[in-house]
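Trainee: I have a structure here, written as structure tokens, and I will follow up with some questions on it.
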Amino acid sequence: MNAMEMRRKEKLFTQEALARRIGVAPSTYSQYASGSRLIPLEKSKLIAAALECSIDEIFLPAKFAVREIK
């Protein structure tokens, strides 16, 4: 599951509800969520706003913790 979908579930949105909120069909949002369709910048901004986070939080690769090896 990607960061966008985890955040959507944390905020208790269904895919259909979030799709309506950003002005796309549920099938389009489903394609965004699965990675089979690219998300236009304007829609990514709307998704981030609806999920109350930054675009970076949901669209950039996960950060890794680095620790010293002894």
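Trainee: Condition first: over 15 Å from Leu18 (Cβ atoms) and in contact (Cβ under 8 Å) with a residue 40 or more places away in the chain. Now tell me which residues in the range 33-58 satisfy that.
Mentor: Glu57
Trainee: Are there any pairs, at least 6 apart or on different chains, whose C-beta atoms fall under 7 Å, with the first in the range 19-31 and in contact (Cβ under 8 Å) with a residue 24 or more places away in the chain and the second surrounded by 15 or more Cβ atoms within 10 Å (Cβ to Cβ) and of a type in the set (A, V, I, L, M, F, W, C), and if so, which?
Mentor: Taking only residues 6 or more apart or on different chains, the pairs are Arg21/Ala50; Ile22/Leu46; Ile22/Ile47; Ile22/Ala50.
Trainee: Considering only residues that are modelled with pLDDT under 95 and aliphatic (A, V, I, L, M), look in the range 40-70 and name the one that is least open to solvent (accessible area, probe 1.4 Å).
Mentor: Once the filter is applied, the top-ranked residue is Ile58.
Trainee: Can you name every residue in the range 4-18 that is charged (D, E, K, R), free of Cβ contacts under 8 Å to residues at least 40 places away in the same chain and open to solvent by less than 70 Å² (accessible area, probe 1.4 Å)?
Mentor: Glu5 - this is the single residue of the range 4-18 that is charged (D, E, K, R), free of Cβ contacts under 8 Å to residues at least 40 places away in the same chain and open to solvent by less than 70 Å² (accessible area, probe 1.4 Å).
The values are calculated or read from the model by the stated rules, or taken from the named source; none is laboratory data. Because the structure is a prediction, the values reported are computed rather than measured. Backbone-built Cβ (ideal geometry, glycine too); neighbour counts: all protein chains shown. For the accessible areas, the whole protein counts, side chains as well, though only heavy atoms, and no ligand, DNA or RNA atoms are used. Shrake-Rupley method; radii C 1.70, N 1.55, O 1.52, S 1.80 Å.
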